[in-house]
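This report concerns only the one structure given below.
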Amino acid sequence: MRRRTFMNIAAGTATALALKPWALAREQEPKSVGTYPDPAVEAVDPRFEQYKVNNAAVERLYTGTRWAEGPVWVGDGRYLLFSDIPNNRMLRWLEDTGEVSVFRSPSNYSNGNTRDREGRLITCEHDTRRVTRTEHDGTITVLLDNFQNKKLNAPNDVIVHSDGAIWFTDPGYGIMSNYEGHKANFELPGNVYRLDPKTREATVVAGDLDKPNGLCFSPDEKKLYIVDTGAPKHPTDAHPIRVYDVDGVRLKNGRQFANLAPGNSDGIRCDTDGNVWSAAGWGAEGFNGVHVFAPDGTLIGKIHLPETCANLCFGGTKRNRLFMVASQSLYAVYVNAQGSQMP
C-alpha cells in the first residue's frame with residue numbers, strides 16, 4: 001500500500017486534532033543530561049551485549065495518555081499508531097516531526113493493533129467487543145464480534161500469520177469495568193482465536209489460559225508465545241509467558257516459556273534471532289520496562305522505564321527502533337535487533 005493512501009485513511013478516519021504544541025515541547029525537553037551507555041539498558045546475561053547500542057538512549061517521545069496500548073508501526077507512512085484506551089482514542093506519532101495527533105476518536109476503546117498482509121489496520125475493540133479492519137478507503141469492516149452466537153468478551157491483542165489468518169486473544173478486560181470499555185457479563189471463556197478473514201470462520205486455538213493477553217509468533221512461525229495475565233490461585237504460582245508448537249491451524253504441546261513473577265508481562269514481540277521482548281510491570285522496584293528472553297527462556301536483558309510498560313513493537317526504517325507504550329507515555333530506544341514481524 002502506498003504511503004499516500006494510508007495517510008489519506010488517517011485523515012479521513014481521524015479527528016485530526018493536533019495535541020497542544022506547547023505541551024509537546026515541554027514534555028520533550030530533557031529532564032537531565034545523561035551519559036552513554038544508558039544505564040536504563042541493562043545486560044543481565046552476556047548474550048544481550050550484542051543487542052545494545054552504546055550511544056543510544058531511552059527517549060520519552062510523548063506523555064499524556066491514561067493507559068497506552070496497541071502500538072503498530074506503519075512503515076510506508078513513517079508513523080506509529082497506538083491506543084489510549086480510557087480516553088477512547090487512537091494516537092499517531094510522526095517520525096519526521098515528532099508530532100502527535102488524534103488518529104481516531106472515538107475508537108470504541110481500542111486496544112491491540114496490527115496490519116494484515118495488504119497493509120490494512122486490524123484493531124481489537126473493547127467497547128464493541130469486536131475485531132475490525134480499516135480498509136484502504138478508510139471504511140471499517142467488522143471481521144468478528146461473536147463466536148457460536150455468543151458475544152466476544154473484549155478482544156485484546158492481535159497478530160497476523162503469513163497465510164493471512166488473524167490470531168487474537170479475548171480475556172475480557174474491557175467488560176470488567178467502565179474504565180476501558182463497559183461493564184458486562186462474560187458469555188465466553190477467555191480464549192485465543194484463529195480467524196480466517198476470507199471465510200470469517202473462527203476457531204479456538206487455546207483455551208487453557210485464564211487471561212490470554214499479548215501474543216507473537218517466532219520468526220519461522222513454528223511457535224506461538226502467549227502471555228497469561230490471570231491472577232494466580234496461589235502466591236507461588238507463575239506469571240507465565242507460555243509457548244506452543246504451531247501445527248498448521250492448531251496449537252499443541254503448550255508449556256511455560258518464562259515466568260514474570262512477581263510482576264507481569266503484557267505485550268510481546270520476537271526479533272529475527274528468536275528473542276522474546278516482553279513488556280513488564282506490576283512488580284518490585286526496578287521491574288518496570290521491557291524484559292528480553294533468549295529462545296531458551298533465559299532472561300538476558302532489561303530496559304528500565306519509570307512506568308509500567310503495557311506493549312511494544314519494533315519500527316523505524318530498519319525495524320531496529322523499539323517503541324514502548326508505558327502507562328501515560330510513549331518511549332523508544334534504538335537496539336541492535338530487528339523485529340521479525342511484518343513492518
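Just flag the chymotrypsin sites (Phe, Trp or Tyr not before Pro) in the range 250-320 sitting in loop per DSSP whose Cβ has no more than 16 other Cβ atoms within 10 Å.
Trp282
What's the center-to-center distance, using Cα atoms, between the range 35-90 and the range 109-180 in Å?
The two parts, judged by their Cα centres, are 23 Å apart.
Is the C-alpha gyration tensor of the range 85-193 telling us rounded, prolate or oblate? Criteria: a/c under 1.5 is rounded; beyond that, a/b larger than b/c is prolate, otherwise oblate.
In terms of gyration-tensor shape, oblate.
Near the amide H of Phe147, under 5 Å away, which other amide H atoms are found, from residues 5 or more places off or on another chain, if H is placed in the peptide plane?
Here the answer is Leu152, since their amide H atoms fall under 5 Å of that of Phe147.
Taking 51 Å as R0, compute the FRET efficiency from the Cβ-Cβ separation of Asp245 and Glu285 and round it to 0.05.
In this case the efficiency is close to 0.90.
Counting other Cβ atoms within 10 Å of each Cβ, which chymotrypsin sites (Phe, Trp or Tyr not before Pro) in the range 180-252 have at most 16 and sit in a DSSP loop?
Sparse-neighbourhood loop chymotrypsin sites (Phe, Trp or Tyr not before Pro): Phe186.
Can you give me the distance in nm between label points at Lys252 and Asn55, each placed 7 Å from the Cα along the Cα-to-Cβ direction?
Spacing of the two 7 Å Cα→Cβ label points: 5.1 nm.
Using the Cα centre as the reference, give the magnitude of the dipole from point charges on the C-beta atoms of the range 209-339 (Lys, Arg: +1; Asp, Glu: -1; all else neutral), rounded to the nearest 20 debye.
Its charge dipole is roughly 200 debye.
With the Cα gyration tensor of the chain giving a ≥ b ≥ c as the square roots of its eigenvalues, does the rule (a/c under 1.5 for rounded; else a/b larger than b/c for prolate; else oblate) give rounded, prolate or oblate?
Since a/c stays below 1.5, the shape of the chain is classed as rounded.
Mind checking the per residue accessible area of the chain for me, 1.4 Å probe, whole number of Å²?
Here the per-residue accessible area is 43 Å².
Could you tell me the calculated FRET efficiency between Ser105 and Leu299, based on Cβ-Cβ distance and R0 = 45 angstrom, to the nearest 0.05?
The computed FRET efficiency comes out at 0.75.
Please give the calculated 222 nm ellipticity per residue for the chain, where each DSSP H segment of at least 4 residues contributes -39500 (n - 2.57) and the sum is spread over every residue; nearest 500 deg cm²/dmol?
About -1500 deg cm²/dmol.
Filter the cross-link list Lys151/Lys252; Lys223/Lys318; Lys183/Lys233; Lys198/Lys302 down to pairs whose alpha-carbon distance in this structure exceeds 29 Å.
Lys198/Lys302
In the chain, carbon and sulfur make up what percent of the accessible area (probe 1.4 Å)?
47 percent
Enumerate the calculated ³J(HN,Hα) couplings along the range 39-53 in order (Karplus 6.51 cos²θ - 1.76 cosθ + 1.60, θ = phi - 60°), each rounded to whole Hz, writing x wherever the residue is Gly or Pro.
Each residue of the range 39-53 in turn: x, 5, 9, 10, 8, 7, 9, x, 5, 7, 4, 5, 9, 8, 10 Hz.
Can you compute the FRET efficiency between Arg117 and Thr236 using 1/(1 + (r/R0)^6), with r the Cβ-Cβ distance and R0 = 56 Å? Round to the nearest 0.05.
The value I calculate is 0.85.
Normalising by the residue count of the chain, find the relative contact order in percent from Cα pairs under 8 Å and 6+ residues apart.
For the chain, the relative contact order is 16 percent.
Pull out a ≥ b ≥ c, the square roots of the eigenvalues of the alpha-carbon gyration tensor of the range 231-316, then state rounded if a/c is under 1.5, prolate if not and a/b is larger than b/c, and oblate in the remaining case.
oblate
State, as an integer percentage, the relative contact order of the range 22-179 based on alpha-carbon contacts under 8 Å between residues 6 or more apart.
Dividing the mean separation by the residue count of the range 22-179 yields 13 percent.
The values are calculated or read from the model by the stated rules, or taken from the named source; none is laboratory data. Just so you know, these numbers come straight off a predicted model, no measurement behind them. When we count neighbours, we look across all protein chains shown, and the Cβ atoms used for this are built from the backbone with ideal geometry, even at glycine. Accessible surface is based on the protein model in full, side chains and every heavy atom, while ligands, DNA and RNA are left aside. Shrake-Rupley method; radii C 1.70, N 1.55, O 1.52, S 1.80 Å.
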